[in-house]
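Chemist: Have a look at the structure that comes next, please.
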Amino acid sequence: MTIFAHCEKLRWTIDDKIMIKKLALVSPLANEEDTFAEFVAAIQDVLNDLGTGEVFFVVDNVSKDNTFMCCQQLEQQDPRFHTVWAPENRNVVDAYLRGYKEALKYDFDYIIEMDGGMSHNPAAIPQFLRCLNEGHKCVFGSRFINGGSIYNSNWRRSVLSRGGTILSNLLLGTNMRDMTSGYMGFHADVARKFVEHGLLSKAHFYQTEVRYLLRFQQCIEVPIHYMAPSPRVSKKAIKNSFEVLFYYFRQRIMGKAIAL
């Protein structure tokens, strides 16, 4: 039984495959050796159905197991997968941005980011793609709307996610049901905006910062299932989250709100 067996496997049928444009997936990986084969098989299943898609796995010095070697071996077997070795990364935000930068070197129409390690279900990718095809510039995964859920996750992390969403909406003037999920998709020109602008976040507040900066783009939230145990959120990451949040709050009340 796979980890996905704990909730309904999601499937969306896209009738007109002519409408499927060039898609890139970005996923930082660290110490994912144990779930690597299952994760890759799930992605391959979706890409085969769609008939499009390439994947950029970003690995850095945080990974201490054989994840990098697994990525290299996969790259030799399936040319749709690319290994990005990034030892210069200082944090998880650097890892995500490095993946976006690699994808933006090519002429992909859409870029979707997702966590590795089975946290995000690859079967939801067609839902993101459908919304992007329909003209939405940003598609944000939400665990807190109808159809979304969190399974087998640290209760403290769940409280932080819900509390962070409420506080962020209050201080930043946004109105999203989930401000902290990392499953997101963009038109490539929109992704280029926040990559070139740069981000203040050094940890997982990154997802909230991106939502805030892109709040005036045409956005939609879609339900996702978060299905893996969450690691402990460090005090340093929480501190950075509050620093960035209150920076944008101060800019907002001074009439200097930033938007991309």
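Chemist: Does segment 53-78 hold any residues that are touching a strand residue (DSSP E or B) at 6+ places or on another chain (Cβ under 7 Å) and farther than 17 Å from Glu113 by Cβ, and which are they?
Modeler: Taking segment 53-78 and keeping what is touching a strand residue (DSSP E or B) at 6+ places or on another chain (Cβ under 7 Å), we get 53-59, 63, 67-68, 71-72, 74-75.
Ser63, Thr67, Phe68, Gln72, Leu74, Glu75 - these are the residues of segment 53-78 that are touching a strand residue (DSSP E or B) at 6+ places or on another chain (Cβ under 7 Å) and farther than 17 Å from Glu113 by Cβ.
Chemist: Quick one: how many residues across segment 247-260 are over 18 Å from Lys193 (Cα atoms) and either polar (S, T, N, Q) or out of contact with any helix residue (DSSP H, G or I) (no Cβ under 6 Å at 6 or more places or on another chain) (or both)?
Modeler: The total comes to 8.
Residues checked against (1) aliphatic (A, V, I, L, M); (2) in a helix (DSSP H, G or I):
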| position | (1), (2) |
| --- | --- |
| Asn61 | no, no |
| Lys64 | no, no |
| Pro79 | no, no |
| His82 | no, no |
| Tyr106 | no, no |
| Ile111 | yes, no |
| Arg130 | no, yes |
| Phe144 | no, no |
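Chemist: Would you check if Arg90 is basic (Lys, Arg), assigned to a helix (DSSP H, G or I) and under 27 Å from Val190 (Cβ atoms)?
Modeler: Considered against the rule, which asks whether it is basic (Lys, Arg), assigned to a helix (DSSP H, G or I) and under 27 Å from Val190 (Cβ atoms), Arg90 comes out as no.
Chemist: Filter segment 205-259 for residues that are charged (D, E, K, R) and either touching a strand residue (DSSP E or B) at 6+ places or on another chain (Cβ under 8 Å) or farther than 20 Å from Asp94 by Cα (or both) and give the result. Full working, then the answer.
Modeler: Step one: of segment 205-259, the residues charged (D, E, K, R) are 209, 211, 215, 221, 232, 235-236, 239, 243, 250, 252, 256.
Result: Arg211, Arg215, Glu221, Arg250, Arg252, Lys256.
Chemist: Next question, about the same structure. Given the residues Val222, Val244, Val190, which is the only one that is under 30 Å from Pro126 (Cβ atoms), assigned to a helix (DSSP H, G or I) and either β-branched (Val, Ile, Thr) or in contact with a helix residue (DSSP H, G or I) (Cβ under 8 Å, 6 or more places away or on another chain) (or both)?
Modeler: On the way: Val222 fails: assigned to a helix (DSSP H, G or I); Val244 fails: under 30 Å from Pro126 (Cβ atoms).
None of the other options fit; the residue is Val190.
Chemist: If I filter segment 36-51 for residues that are surrounded by 15 or more Cβ atoms within 10 Å (Cβ to Cβ), at pLDDT 95 or above and assigned to a loop (DSSP other than H, G, I, E, B), do I get at least one hit?
Modeler: No, the conditions are met nowhere in segment 36-51.
Chemist: Pick from Ile111, Ile125, Ile145: which is surrounded by fewer than 19 Cβ atoms within 10 Å (Cβ to Cβ), within 23 Å of Val222 (Cβ to Cβ) and not charged (D, E, K, R)?
Modeler: Values: Ile111 fails: surrounded by fewer than 19 Cβ atoms within 10 Å (Cβ to Cβ); Ile125 fails: surrounded by fewer than 19 Cβ atoms within 10 Å (Cβ to Cβ).
Answer to the selection: Ile145.
Chemist: Right, here's the next one. Could you please find all residues in segment 214-240 being aliphatic (A, V, I, L, M), modelled with pLDDT of 95 or more and surrounded by fewer than 20 Cβ atoms within 10 Å (Cβ to Cβ)?
Modeler: Result: Ile220, single match.
Chemist: Can you tell me which residue is surrounded by the fewest Cβ atoms within 10 Å (Cβ to Cβ) among those in segment 82-92 that are in contact (Cβ under 8 Å) with a residue 60 or more places away in the chain and over 25 Å from Glu38 (Cα atoms)?
Modeler: It comes out as Arg90.
The values are calculated or read from the model by the stated rules, or taken from the named source; none is laboratory data. Quick caveat, the model's predicted, so the values are computed rather than measured. Neighbour counts are summed over all protein chains in view; Cβ atoms, including those assigned to glycine, are modelled from backbone coordinates with ideal geometry.
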